[in-house]
Amino acid sequence: MSGRPTFIDDLDFNADGLIPAIAQQHDTGEVLMMAWMNAASVAETLETGRVCYWSRSRQQFWRKGESSGHRQHLKELRYDCDADTILLLVDQTGPACHTNRRSCFYRAVRDGETVEIMTPEAT
């Protein structure tokens, strides 16, 4: 693929030029995490097959797994009916969460109480 894919122009980025992206394990449906992408990170992800986000705190590209080795390989990119949210179907290597858990969604509210439903993976 060369150049910027034309569908990117159809995406509804917010005022900061960002769009939320949800990463989901392609074969199990497990929701792994949510992060932000800009047009350039979407294009890079499609070009390389490795998921690249935009870090709002560092104001730079965040190539998932670059330092941890816990990479996300893109299987399919989808976007919703309003074109304002991206769904990334990925093959996740290792934990997706910086807390060393498989998913960032490791807390649940049950009977009005917050419970931890997933422990960090052993290192």
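Every read-out reported here was derived from the displayed coordinates using simple, explicitly stated rules and does not represent laboratory data. Treat the numbers as computed from the prediction; the structure is a model and nothing was measured. Cβ atoms come from the backbone with ideal geometry, glycine included; neighbour counts cover every protein chain shown.
Below are the figures for this structure:
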| item | result |
| --- | --- |
| Footprinting exposure proxy for 62, 54 (fewest neighbouring C-beta atoms within 10 Å first) | 62, 54 |
| Lone cysteines, the chain (no partner Cβ under 4.7 Å) | 52, 81 |
| Compactness of the chain - radius of gyration and Dmax, Cα, Å | 15.0, 52 |
| The chain: calculated mean residue ellipticity at 222 nm from DSSP helix runs of at least 4, using -39500 (n - 2.57) | -2500 deg cm²/dmol |
